[in-house]
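In what follows, a structure is listed as structure tokens, so that the remarks can point back to it.
The values are calculated or read from the model by the stated rules, or taken from the named source; none is laboratory data. From a predicted model like this one, the values you see are computed outputs, not experimental measurements. Using ideal geometry, Cβ is built from the backbone for each residue, glycine included, and neighbour counts are taken over all protein chains shown. For accessibility, only protein heavy atoms count, side chains too; no ligands or nucleic acids. Shrake-Rupley method; radii C 1.70, N 1.55, O 1.52, S 1.80 Å.
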Amino acid sequence: MFSHHELQATNPQMYPPQDNRKTYLILSAGGFVVGLYFLHLAGILEDTTPTIGTFPGGEFVFKSETRDYAASGGMYREIEKILKESGEECIDPDLGEPTPHWDHTLHSFYLDDPGVLSSNVLPRYAVGALLRPKQKHLKKKILDGGDVNNGKSGYETVIIPKCKAAVLEFPHNNGLFSLLLFPHKVLSPLMNFARNNTKGNDGEYPLVITKCHKNKNMCTHYAPLKDNKKYFLGRSSTTKYIEDLGDVESPMLETWRKVKGFVGLRGDGDAEL
């Protein structure tokens, strides 16, 4: 058996150059169309104008990490597994009805706007179960089910108050394109909205709280609009977080440095020849 490349090398007349170009163009066009289709499914054309609604609040039992936001899915699955193996019936706290998934209870808190972080600064997030009064018995199940290091499960708990929030529903299917669009179509626009629609010190603490619905391939995102510091889980603001890291370039300076390196500019602005 011979491959396409071997046949072409031994008998070029079988695959003339014009046919190769045509095949390449067809494959490229097909890939482009498929890419557009998946971008459409991921929500690239969706309107990201939020409505004003309410974040329900509750007791948040969570773990936090400082990593790329795409890694939050692993922590989500860990907590979901604990709940599935707890033996407790999965009940939607709003509807009071049994459901196949715990997605109504699992929430992710995204604390830092990736648009204001340099590429060498990792964002902070937390994932956990937001427990309503009828779900309080699940707290011990989660704390006991976590991996124990030095006698601790790694989980924290905090009371999250009910609040006025900007609310946005946006498609999500756990695919690559959803992960790529999420920071730019959801996080940054919602955090900017929160900055522009809060007063005083609240503008220093924009964040996004996310709950996803597996059966609908849709996520609901909340950006609190009052007393934002209460929702930062005891963490510092993004500005203070960056300051505490020390000598870190701003995204604008980092971009300018990369542009200078690409075009060969010296520090005085003259191009190197």
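From the list Pro100, Pro93, the one residue that fits, being over 16 Å from Leu207 (Cβ atoms), open to solvent by 60 Å² or more (accessible area, probe 1.4 Å) and assigned to a loop (DSSP other than H, G, I, E, B), is Pro100. Here's a check for you: in the range 100-128, which residue that is at pLDDT 90 or above and polar (S, T, N, Q) is farthest from Lys140 (Cα to Cα)? Here the residue is Ser108. Listed residues Pro206, Pro189; which is touching a Pro at 6+ places or on another chain (Cβ under 9 Å) and at pLDDT below 90? Of the residues listed, the single one that is touching a Pro at 6+ places or on another chain (Cβ under 9 Å) and at pLDDT below 90 is Pro189. Within the range 206-223, being in contact with a Lys or Arg (Cβ under 9 Å, 6 or more places away or on another chain) and buried (at least 24 other Cβ atoms within 10 Å of the Cβ) holds for Pro206, His221, Tyr222. Suppose the filter is over 26 Å from Leu187 (Cβ atoms), more than 16 Å from the chain's Cα centre (by Cα) and in a loop (DSSP other than H, G, I, E, B); does Ser86 pass it? Yes; evaluated as a whole, the condition is true for this residue. Residues that are of a type in the set (Lys, Arg) and either closer than 21 Å to Thr210 by Cβ or crowded, with 21+ Cβ neighbours inside 10 Å (or both) within the range 117-138 comprise Arg124, Arg132, listed in sequence order.
When the residues of the range 179-198 are filtered to those that are in contact (Cβ under 8 Å) with a residue 24 or more places away in the chain and closer than 17 Å to Lys164 by Cβ, the one that is most open to solvent (accessible area, probe 1.4 Å) is Asn197. Annotation note: Cβ proximity below 6 Å between a residue of the range 89-102 that is closer than 19 Å to Pro56 by Cα and a residue that is assigned to a loop (DSSP other than H, G, I, E, B) and among the polar types (S, T, N, Q) (sequence gap 6+ or interchain) occurs for Cys90/Thr99; Asp92/Thr99.
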